[in-house]
1. Residue 206 to residue 88: extension gain in nm, 0.36 nm per residue of separation minus the Cα-Cα distance?
2. Could you put 208, 134, 55 in order, starting from the residue whose Cβ has the fewest other Cβ atoms within 10 Å?
3. Would you work out the relative contact order for the chain, in percent, from Cα pairs under 8 angstrom that are 6 or more residues apart?
4. Rounded, prolate or oblate: pick one for the stretch 162-218, where a ≥ b ≥ c are the square roots of the eigenvalues of its C-alpha gyration tensor, a/c under 1.5 means rounded, and failing that, prolate if a/b is larger than b/c, else oblate.
5. Taking 0.36 nm per residue of sequence separation and subtracting the Cα-Cα distance, how much length would be gained by fully extending the chain between residue 167 and residue 69, in nm to one decimal?
6. Rounded, prolate or oblate for the stretch 1-114? Axes are the square roots of the Cα gyration tensor eigenvalues, ordered a ≥ b ≥ c, and the cut-off for rounded is a/c under 1.5.
7. Considering the stretch 8-211, what Rg and Dmax in Å follow from its alpha-carbon atoms?
8. For residue 152 and residue 60, FRET efficiency with R0 = 45 Å and r from the beta-carbon atoms, rounded to 0.05?
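Just so it is clear, none of the values below were taken in a lab; they were calculated from the coordinates. Only a predicted model underlies this, so the values are computations on that prediction, with no experimental measurement involved. Neighbour counts are summed over all protein chains in view; Cβ atoms, including those assigned to glycine, are modelled from backbone coordinates with ideal geometry.
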């Protein structure tokens, strides 16, 4: 966790473990935490938001504000891609590169950053982990993108990545005691449940095993 003093901070949050734990941790450190989720029309988002709202209610943190939902549809970009409801969702044996969504972080961070500036929030926090293979989630990307955002918006917005040296198992251990039963990590939900067979379900299962903890959501 960053040792800098935190006032108001926004967290770009989905419904998965990394960003949810980050909200929980910052809720104990910052004066005010604003969780921001961005609706893009991806096939799992409705279920993800359902569990995210339950997580935030169960968190019972007075410093955490109600969820902010912004819209940034990408159907015109992704078309018939599997993430929009198509076929061939990457399975448990698929490599991580199979779940790459082109430019997603580029878009999400830009939208959240504009919201922060408009609402005078000085810090935007991301739950990016170590070893992320995607080009728009690596340290070099952030070194180049953060100054560009500050220049474009004309403000000293700070972007922090407290988990940039951690893997998912370490984040799970940090989040032990938080309502992790209400986190969701699945590309092909069945109703409101994990499918147990997709790339993200495997990643979650492996991480909980490595953390030495049972997954309360399964």
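1. Values: separation 118, 0.36 × 118 = 42.48 nm, distance 2.19 nm.
Roughly 40.3 nm would be gained on extension.
2. 134, 208, 55
3. Relative CO of the chain lands at 27 percent.
4. prolate
5. Fully extending the segment from residue 167 to residue 69 adds 32.6 nm.
6. On the way: a/c = 2.02, a/b = 1.88, b/c = 1.07.
Prolate shape, in that a/c is at least 1.5 and a/b is the bigger ratio.
7. Here Rg and the maximum Cα pair distance are 16.2, 45 Å.
8. That pair, residue 60 with residue 152, gives E of 0.75.
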